[in-house]
Amino acid sequence: MSIDFSNWSNHKNLQNWILEMKNLCKPESVHLCDGSKQEFDTFCKRLEDEGVFKRLNPEKRPGSFWCVSDSNDVARVEDRTFICSEKEVDAGPTNHWCDPKEMKQTLLKVFDGCMEGREMYVIPFCMGPIGSKLSIIGVEITDSLYVAVNMFIMTRMGQKALEFLGQSGEFVPCMHSVGVPLEKGEKGPSWPCQPTDKKYIVHFPQEKSIWSYGSGYGGNALLGKKCLALRIASVLAKENGWLAEHMLILGLTSPEGEKKYIAASFPSACGKTNLAMITPTLPGWKVDCVGDDIAWMKFGKDGKLYAINPENGYFGVAPGTSMQSNPNAMKTIAKNTIFTNVALTDDGDVWWEGMTKETPEHLLSWTNKSWDKGSQEKAAHPNSRFTTPAKQCPIVSQEMDNPEGVPISAIIFGGRRASLEPLVYEAFDWNHGTFLGAALSSEMTAAAKGTIGKLRHDPFAMLPFCGYNMGDYFKHWIEMGQQSDASNLPKIFHVNWFIKDENEKFIWPGFGENSRILKWIFQRCDHKIESLDTPLGKCPKVEDLDLNGLNLSKETLEKLFHIDKSGWEEEIKGIEEYFSKFKDHLPNEIKDQLENLRKRLNQ
Ligand code: TSX
Ligand code: MN
């Protein structure tokens, strides 16, 4: 049986690859996606008919759907994520490595006939604005309709991606299967997947391909996001002198109408999406959202660093999202949104922990069970998600589709630290900033394994997402700083919204009040104000931080910028110990930065 490619694409390599994959996976039929709204609606209807999707009350949440996954398929599986470089050392000490030939054999075995009885969907997609030199085309082959409709929201998919690809353009082949073939006439489970130890999330950094098996969830299955736009793109970026980063991008406009763009990187559970869509409390300051998760950055001819957001939607964590924490996200998800693993209300809307002050009396939980207020179990899974179009965000940046990207003036690193890290400071220079990224860590919030408060090192918030040796990645950052002169390089900052007092109470109001920090960063970018040198970096002078109307006590302000020298001695030991795992791949520049920090603290 052949496939009719006419009216779709005459790209010969693409056609050959699709035929090859069809012969391997043996699906009952093949659907070549065009990315039209009509196709999306048909797919959603099919998911509804199959009982996978439930259409939400159109008066509450038009065009939106609720679904729940298998309880063993709720998050990324880092232990089953592989970087299959030729040499083990090129995957580095923070990744799981497997020999590419061996892994290919395993994959050919598990993919053989894996789509029997199912339809195979071919999804061409573009990461980045159509027509941008920075964009990358991928083609995902999947047997999951859920993946297809999520890719419709998260990427620029279908005909427009194929046109951009042309007859002979390069694309990243992305193979995906839930790994549950069907007998003739068999219906199968509503969320098919394999047990964790049979899942494979595999990257071939040399040939730039992705194979994902056994999971239908998020980062495991929507291969344009973590797999392509971070792991594979980080390798391409290293090879070609650009950066693929786990960063939000926001535009910040001053009351005078001046605009600067800021990129920021935080480990999970630090509120990256909240910052990307922040509503400033400072009068006259405005923010718009270019992206909430991934930034691709490259120096322009003018020597400035330009960033694009490769995505087209937000795949955000639902719990904790509310009109208080992120009103713009709440407005974004008011319609045309897919909700996965949240709770369902009796009137056909969605709910999750932290959404409203009042908990509903009765819900259907993410485990599909009747749920009463006061129950010990969570109604929504802590990693439950919304998939929603970026264009619906009330403050979405007009620059999202600009193929040139936006010029980045500042890069922010941050983590969740109850003490030690002050509210904000600026790096002395690019190499010092690179060290701040490399030394990034965050206290864990997940209650799962009794690990609350334990420090997790997460360099550049890229620990699970770097497609090569993390030590070489540090070196790449150092080398990027040599591509331009200091006056054009973005300034680098470190922030910490999560400082606590001796009673475990947060002492910084955070959220919209973080605009005060953004204002200081903005003014530092063109040296409108001076700073105070400290051993950690350049801190704000008290009079330069706009704290108008906050009523912070003098003691609180002191705590926000206190430098605990003995605490930092311990911290340095921890960083040194962590860095030792990179052995001779740890750049000398990073070692020097650690030594310089030690010296400054001892002065
Ligand atoms: O996202 C957060 N941000 C950044 C916002 C732009 N969160 C949520 C983190 C979990 C995803 C925060 N939590 C922030 C923050 O700045 N700060 C805090 C800690 C905090 C929590 C509550 C209060 C103050 C600080 N205050 C009251 O609840 C009244
Ligand atoms: Mn992320």
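The values are calculated or read from the model by the stated rules, or taken from the named source; none is laboratory data. Everything numeric here is computed off the predicted structure, so don't read it as measured data. Positions of Cβ are generated from backbone atoms using ideal geometry, with glycine treated the same way; all protein chains shown enter the neighbour counts. All accessible areas refer to the heavy atoms of the entire protein, side chains included, with ligands and DNA or RNA removed. Shrake-Rupley method; radii C 1.70, N 1.55, O 1.52, S 1.80 Å.
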Segment 421-495 - percent of accessible surface contributed by carbon and sulfur, probe 1.4 Å: 52
Size of the dipole of segment 177-221 about the Cα centre, Lys and Arg at +1 and Asp and Glu at -1 on the beta carbon, nothing else charged, in debye to 20? 60
Given a 1.4 Å probe and every protein chain left where it sits, what share in percent of the accessible area of segment 314-390 is carbon and sulfur? 52
For the chain, place one equal point scatterer on every Cα, skip the solvent, and apply the Debye formula. What is log10 of I(q)/I(0) at q = 0.11 Å⁻¹? -1.07
Euclidean distance between Cα centres, segment 202-232 to segment 471-530, Å: 30
Which order do you get for 98, 67 if you rank them by accessible area with a 1.4 Å probe, largest at the top? 98, 67
If you add up the charges near residue 197, with Lys and Arg at +1 and Asp and Glu at -1, over every other residue whose beta carbon is less than 9 angstrom from its beta carbon, what do you get? +2
Would you mind checking which residues have amide H under 5 Å from residue 492's amide H? H placed 1.01 Å from N; only 5 or more apart, or other chain. 411, 427
Per-residue ³J(HN,Hα) for segment 78-87, Karplus 6.51 cos²θ - 1.76 cosθ + 1.60, θ = phi - 60°, Hz, x for Gly and Pro: 5, 5, 10, 9, 10, 10, 9, 7, 4, 9
Ignoring everything but the protein chains, give the 1.4 Å probe accessible area of residue 456 in square angstrom, nearest 10. 80
Report the paramagnetic label zone for residue 573: residues of segment 424-467 whose backbone N is under 14 Å from a point 7 Å from Cα along the Cα-to-Cβ axis. none
Global geometry of segment 1-81, whether rounded, prolate or oblate, following the gyration tensor of its Cα atoms and the 1.5 cut on a/c: oblate
Per residue, in Å², the accessible surface of the chain once ligands and nucleic acids are set aside, probe 1.4 Å: 41
Probe 1.4 Å, all chains present, heavy atoms only: residue 69 accessible area in Å², nearest 10, is 10
With all distinct Cα pairs included, what does the Kirkwood hydrodynamic radius of segment 523-603 come out to in Å, to one decimal, could you say? 15.2
What do you get for the angle between helix 588-602 and the principal long axis of the chain? Use alpha-carbon atoms, 0 to 90 degrees, nearest ten. 40
In Å and from the alpha-carbon atoms only, list the Rg and Dmax of segment 106-172. 13.5, 40
Using the Cα centre as the reference, give the magnitude of the dipole from point charges on the C-beta atoms of the chain (Lys, Arg: +1; Asp, Glu: -1; all else neutral), rounded to the nearest 20 debye. 240
For segment 314-390, the dipole about the Cα centre with charges only on Cβ (Lys and Arg +1, Asp and Glu -1), to the nearest 20 debye, works out at 320
From highest to lowest solvent-accessible area (probe 1.4 Å; ligands, DNA and RNA excluded), 203, 562 read 562, 203
Residue-wise HN-Hα coupling along segment 222-235, computed from phi with Karplus coefficients 6.51, -1.76, 1.60 (Hz; x: Gly, Pro): 8, 6, x, 7, 5, 5, 7, 5, 10, 5, 5, 5, 5, 5
Between the Cα axis of helix 515-525 and the main Cα principal axis of the chain, the angle (0 to 90°, nearest 10) is 70
What do you get for the angle between helix 100-111 and the principal long axis of the chain? Use alpha-carbon atoms, 0 to 90 degrees, nearest ten. 50
Whichever aspartates and glutamates have a C-alpha closer than 12 Å to that of residue 184, once near sequence neighbours (fewer than 8 apart) are set aside: 28, 116
With a ≥ b ≥ c the root eigenvalues of the C-alpha gyration tensor of segment 185-332, is it rounded (a/c under 1.5), prolate (a/b larger than b/c) or oblate? oblate
Antiparallel DSSP beta bridges within the chain, as percent of all bridges there, nearest 5: 65
If we count every other residue with Cβ under 13 angstrom of residue 558's Cβ, Lys/Arg +1 and Asp/Glu -1, where does the sum land? -1
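What does the helix-only formula give at 222 nm for the chain: each DSSP H stretch with n ≥ 4 adding -39500 (n - 2.57), the total divided by the residues, and the result rounded to the nearest 500 deg cm²/dmol? It would help to have the intermediate numbers written out before the result.
On the way: 15 runs with 148 residues, N = 603.
Rounded to the nearest 500, it is -7000 deg cm²/dmol.
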So which of 199/226; 331/391; 26/109; 133/260; 87/573; 60/335 end up more than 19 Å apart, counting from Cα to Cα? 133/260; 87/573
Taking the Cβ of residue 477 as the centre, find all other residues whose Cβ is under 13 Å away and add up their charges (Lys, Arg: +1; Asp, Glu: -1). -3
Going by Cα centres, segment 282-308 and segment 566-603 are how many Å apart? 30
For 2, 531, the accessible-area ranking with a 1.4 Å probe, largest leading, is 2, 531
Convert each backbone phi in segment 342-355 into a coupling constant with the Karplus relation 6.51 cos²θ - 1.76 cosθ + 1.60 (shift: θ = phi - 60°), then list the ³J(HN,Hα) values in order as whole Hz, x for Gly and Pro. 8, 8, 10, 7, 5, 9, x, 10, 10, 8, 8, 4, x, 7
